[in-house]
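Scroll down for the structure; my scribbles are underneath it.
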């Protein structure tokens, strides 16, 4: 399904002089769809937290494992990916559709470059949609006719918030997870990974750096217990608690692990 744009919005304007979180992530993953501003922001961030590239790559592996586990072991066939970012290898629809070619995926992102690449990638996949929207616009997303045509909200859906909630202030982040979960039927799933640190100085410096680099399009690095609060009232899947994501159900004992601890991607999966 071709991507759909939100009408009468200014989401289509690309400012290549300011870093974008999606394009910075692309840089760390070895992609090619970033600008010099994104590269410089990544270099600056890596000076502050040298583990950031490894963290980004491990987070991507977590996303792939999480989708595979949900599709294979829990029978999930519908995925709603908030803040999906630029296409890379083994995207959500590719992982899910290897389990079942009929699996359906809606990607939500506000970056116009994501929309452009999504159009190219998904033109011939009628089980997948890219919707250009603010991920916090839950009413718009759930009411969108193309979304409702693709996803059956009377059946379980896995809602993904993978390395995106730290881009939001406290209240919008909490409201987003709560409102999405409220709209999903019991037996649905919430997947979250989130930048977290117990080091107050690192949290402050990283947050300040990202706020400056992204013109305020950032929330903050949070403490682990704050991430855990997003799952209140849900059943956290095995291992029964949140973890640094390179340790979440690793495929093998030799799978890459994060070795440094300035900050981590902290997360897991819960059932509604």
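The values are calculated or read from the model by the stated rules, or taken from the named source; none is laboratory data. On a predicted model such as this, the values are computed, not experimentally measured, just so you know. Cβ coordinates were reconstructed from backbone atoms using ideal geometry, including for glycine residues, and neighbour counts include every protein chain displayed.
Annotations for the structure displayed:
- Evaluation of residue 204 against (1) free of Cβ contacts under 8 Å to residues at least 24 places away in the same chain; (2) on the phi > 0 side of the Ramachandran plot (one fails), failing number: (2)
- Scoring residue 229 on the criteria (1) buried (at least 17 other Cβ atoms within 10 Å of the Cβ); (2) touching a helix residue (DSSP H, G or I) at 6+ places or on another chain (Cβ under 9 Å); (3) in a helix (DSSP H, G or I) leaves a single failure, condition (1).
- Residue within region 252-260 that is at pLDDT below 95 and either within 16 Å of residue 135 (Cα to Cα) or touching a strand residue (DSSP E or B) at 6+ places or on another chain (Cβ under 9 Å) (or both) present: yes
- Flag if residue 161 is buried (at least 18 other Cβ atoms within 10 Å of the Cβ), in contact with a strand residue (DSSP E or B) (Cβ under 6 Å, 6 or more places away or on another chain) and farther than 17 Å from residue 60 by Cβ: no
Here is a yes/no grid of residues against (1) closer than 24 Å to residue 215 by Cα; (2) in a loop (DSSP other than H, G, I, E, B); (3) at pLDDT 95 or above:
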{"site": "171", "(1), (2), (3)": "yes, no, yes"}
{"site": "181", "(1), (2), (3)": "no, no, yes"}
{"site": "185", "(1), (2), (3)": "no, yes, yes"}
{"site": "193", "(1), (2), (3)": "yes, no, yes"}
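- Residue 156 being at pLDDT 95 or above, touching a strand residue (DSSP E or B) at 6+ places or on another chain (Cβ under 8 Å) and in a loop (DSSP other than H, G, I, E, B): yes
- Test: residue in region 76-99 that is in contact with a helix residue (DSSP H, G or I) (Cβ under 7 Å, 6 or more places away or on another chain), assigned to a helix (DSSP H, G or I), modelled with pLDDT of 90 or more and surrounded by fewer than 23 Cβ atoms within 10 Å (Cβ to Cβ): yes
- Check on residue 177, in contact with a helix residue (DSSP H, G or I) (Cβ under 8 Å, 6 or more places away or on another chain), within 26 Å of residue 139 (Cα to Cα) and without any contact (Cβ under 8 Å) to a residue 60 or more places away in the chain: yes
- Per the listing 71, 103, 66, the residue uniquely under 30 Å from residue 206 (Cα atoms) and surrounded by 19 or more Cβ atoms within 10 Å (Cβ to Cβ) is 66.
- Of residues in region 196-214 being over 12 Å from residue 48 (Cβ atoms) and either surrounded by 15 or more Cβ atoms within 10 Å (Cβ to Cβ) or within 20 Å of the chain's Cα centre (by Cα) (or both), the one modelled with the lowest pLDDT: 214
- Test: residue 150 is under 23 Å from residue 65 (Cβ atoms) and crowded, with 16+ Cβ neighbours inside 10 Å: no
- Residue count for region 1-48, restricted to those that are assigned to a loop (DSSP other than H, G, I, E, B) and modelled with pLDDT of 90 or more: 0.
- Candidates are the residues of region 215-226 that are surrounded by 14 or more Cβ atoms within 10 Å (Cβ to Cβ) and touching a residue at least 60 places away in the same chain (Cβ under 8 Å); the one that is nearest to residue 191 (Cα to Cα) is 218.
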